[in-house]
Amino acid sequence: MKELLLQYAQYNKWANKLIIDAMLKLKEGDVDKEINSSFPSLRRTVLHTWSAESVWLQRLQLAEHPVWHGDDTSLLFEDVCKTWQVDSETLIQFVAQQYDDRALALVLQFYDRQKNAHKTPVYQVLHHVFNHSTYHRGQLVTMLRQLGATDIPGTDFIGFVRKK
């Protein structure tokens, strides 16, 4: 289980970087153009996706009060993208530091943003984090196409595996 989650954490960072690089090539203002999706713009989708990774990482690091930045549109887009990459790398380090599969099976107790208590095994949290980011990267690809971007990278897991 550890090796699979480590590979998926590495894939997550790789795919995030590809989509970030594509977004940073856009014209100024494109990240804030309204597009029909789960969130109304690239910026809002990136803020949500990064903030979710960040909050889950904070929970895994046992932060008592994780900080959600998903609604802070005043943050510079480039800074958010850089911090997203740092958090993705930290997720890799978190998985790598787990002694064995038993550590990944430990139950994480936390409160969600609505103050509801939850208990979830670490491996399920990690699986959720990577799956959630994959979901929103797919939305970002569609949004990039709607903005006229033509240089859109493939971010499928098999592409990551084949590059290694």
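The values are calculated or read from the model by the stated rules, or taken from the named source; none is laboratory data. Since the structure is predicted, the reported quantities are computational estimates derived from the model, not experimental observations. Neighbour counts are summed over all protein chains in view; Cβ atoms, including those assigned to glycine, are modelled from backbone coordinates with ideal geometry.
Find the residue count for the stretch 1-60, including only residues that are of a type in the set (Asp, Glu), closer than 30 Å to Arg102 by Cα and over 12 Å from the mean Cα position of the chain (by Cα). If you could, list the steps in order and put the result at the bottom.
Applying the first criterion (of a type in the set (Asp, Glu)) to the stretch 1-60 yields 3, 21, 28, 30, 32, 34, 53.
Then keep just the ones that are closer than 30 Å to Arg102 by Cα; that gives 3, 53.
Those left that are additionally over 12 Å from the mean Cα position of the chain (by Cα): 3.
Looking only at that region, the number is 1.
Can you tell me which residue among Val55, Val31, Val46 is outside any loop (DSSP other than H, G, I, E, B) and under 13 Å from Leu147 (Cβ atoms)?
One residue alone meets the criteria, Val31.
Considering only the stretch 140-162, how many residues are under 19 Å from Leu42 (Cα atoms), part of a helix (DSSP H, G or I) and either in contact (Cβ under 8 Å) with a residue 40 or more places away in the chain or not charged (D, E, K, R) (or both)?
Of the residues in the stretch 140-162, the ones under 19 Å from Leu42 (Cα atoms) are 140-155.
Next, only the ones that are part of a helix (DSSP H, G or I) stay: 140-146.
Keeping just the survivors that are either in contact (Cβ under 8 Å) with a residue 40 or more places away in the chain or not charged (D, E, K, R) (or both) gives 140-144, 146.
Of the residues in the stretch 140-162, 6 are under 19 Å from Leu42 (Cα atoms), part of a helix (DSSP H, G or I) and either in contact (Cβ under 8 Å) with a residue 40 or more places away in the chain or not charged (D, E, K, R) (or both).
Out of the residues in the stretch 81-139 meeting the condition of being hydroxyl-bearing (Ser, Thr, Tyr) and under 22 Å from Leu42 (Cβ atoms), tell me which one is surrounded by the fewest Cβ atoms within 10 Å (Cβ to Cβ).
As a first pass, look at the stretch 81-139 and keep what is hydroxyl-bearing (Ser, Thr, Tyr): 83, 88, 90, 99, 111, 120, 123, 133-135.
Keeping just the survivors that are under 22 Å from Leu42 (Cβ atoms) gives 83, 88, 133-135.
Numbers: Thr83: 16, Ser88: 25, Ser133: 25, Thr134: 18, Tyr135: 11.
In this case the residue turns out to be Tyr135.
Which of the residues belonging to the stretch 83-101 are modelled with pLDDT under 95 and part of a helix (DSSP H, G or I)?
Asp101
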